[in-house]
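Here is the structure we will look at, set down as structure tokens.
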Amino acid sequence: MSRPALWASKVTALIQGGNTQAALAQIKVAPSVKDVEQLRTQLENAALLKRYPVLDSATQDQITALKGSRLHRAP
């Protein structure tokens, strides 16, 4: 059983509330690739990636950065 996407839900709520700057800051310190991918899924389902292209590029950049060998975070 997978854990609920608490981080992704909180960031999605920030975006829906209109606080995209706070959401961008949270994306930059994302805990894991899995969390960012869950966030992207939620944003796609809510059609927010098309509305905010900066979030689309920020999430893609963060996934790339977290997959890099230098930036893996300890659990």
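The values are calculated or read from the model by the stated rules, or taken from the named source; none is laboratory data. Note that the coordinates shown come from a computational prediction; the quantities given were computed from them, not determined experimentally. Quick reminder, even Gly has a Cβ in these numbers, built from the backbone with ideal geometry, and neighbours come from all protein chains shown. To get the accessible areas, we keep the full protein, side chains included, count just its heavy atoms, and leave off ligands, DNA and RNA. Shrake-Rupley method; radii C 1.70, N 1.55, O 1.52, S 1.80 Å.
At-a-glance table
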item	result
Residue check, Leu39 aliphatic (A, V, I, L, M) and in contact (Cβ under 8 Å) with a residue 40 or more places away in the chain	no
Criterion (among the β-branched types (Val, Ile, Thr) and touching a residue at least 40 places away in the same chain (Cβ under 8 Å)) met by exactly one of Ile27, Ile15	Ile15
Candidate set: segment 18-56, residues that are small (Gly, Ala, Ser) and at pLDDT below 95; chosen: the one least open to solvent (accessible area, probe 1.4 Å)	Ala30
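Condition check ((1) open to solvent by less than 60 Å² (accessible area, probe 1.4 Å); (2) out of contact with any strand residue (DSSP E or B) (no Cβ under 6 Å at 6 or more places or on another chain); (3) at pLDDT below 90; (4) part of a helix (DSSP H, G or I)) across all residues:
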site	(1), (2), (3), (4)
Trp7	yes, yes, no, yes
Ile15	yes, yes, no, yes
Leu66	yes, yes, yes, yes
Ala74	no, yes, yes, no
